[in-house]
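K.L.:
Attaching a single structure in structure tokens format; questions to follow.
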Amino acid sequence: MNHTMQIQINTGPNIPGREALSAHVTSVVEHALSHFRELVTRVEVHLSDENGPKDGAGDMRCAMEARLEHHQPIAITHEAATLHQAIDGAADKLARLVGHTLGRQREERDRRTDPPPPGSELPGPA
């Protein structure tokens, strides 16, 4: 199955340069999730400046929600001093969470469907 991962970007009212920022977000998300491209159907990205026009450290927030085939959506947020740092941090967190979620599912599936090798049973209580 070959589908395109959809990336939807939502920006708050105090976020400048939406067009260039959208291209950057798309590039970062596609790169971070490249190993999972076939399983991620959609990523929603929300960018906001928590302090509005006031200055302040750690006030840029990037929230990402990924929709995976056959899974509940998973979401993370990352706050940083700049939008680019918030986007990069959020993409890294999301990639780790997607990998963990898919790895856990694979382990559970392997445990359910693969019989143990002969002779690998642990001795029970005597």
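K.L.:
What size of dipole, in debye to the nearest 20, comes out for segment 6-113 about its Cα centre when the only charges are +1 on Lys and Arg C-beta atoms and -1 on Asp and Glu C-beta atoms? The partial results should precede the final answer.
P.N.:
Details: 13 positive and 16 negative charges, 96 e Å.
The dipole of segment 6-113 has a size of about 460 debye.
K.L.:
Something else now. Residue-wise, which Karplus ³J(HN,Hα) couplings in Hz belong to segment 17-28, taking 6.51 cos²θ - 1.76 cosθ + 1.60, θ = phi - 60°, and x for glycine or proline?
P.N.:
Result, rounded to whole Hz: x, 4, 5, 5, 5, 4, 5, 5, 4, 4, 4, 5.
K.L.:
Here's a follow-up. Starting from the Cα-Cα distance between residue 34 and residue 22, subtract it from 0.36 nm times their residue separation and give me the gain in nm to one decimal. Please report the intermediate quantities before stating the final value.
P.N.:
Values: separation 12, 0.36 × 12 = 4.32 nm, distance 1.77 nm.
Roughly 2.6 nm would be gained on extension.
Computed from the coordinates by the stated procedures, all read-outs in this text should not be read as laboratory data. Computed from a predicted model, the values in this text were never measured in an experiment. Don't worry about glycine lacking a Cβ; one is built from the backbone with ideal geometry, like all the others, and counts go over all protein chains shown.
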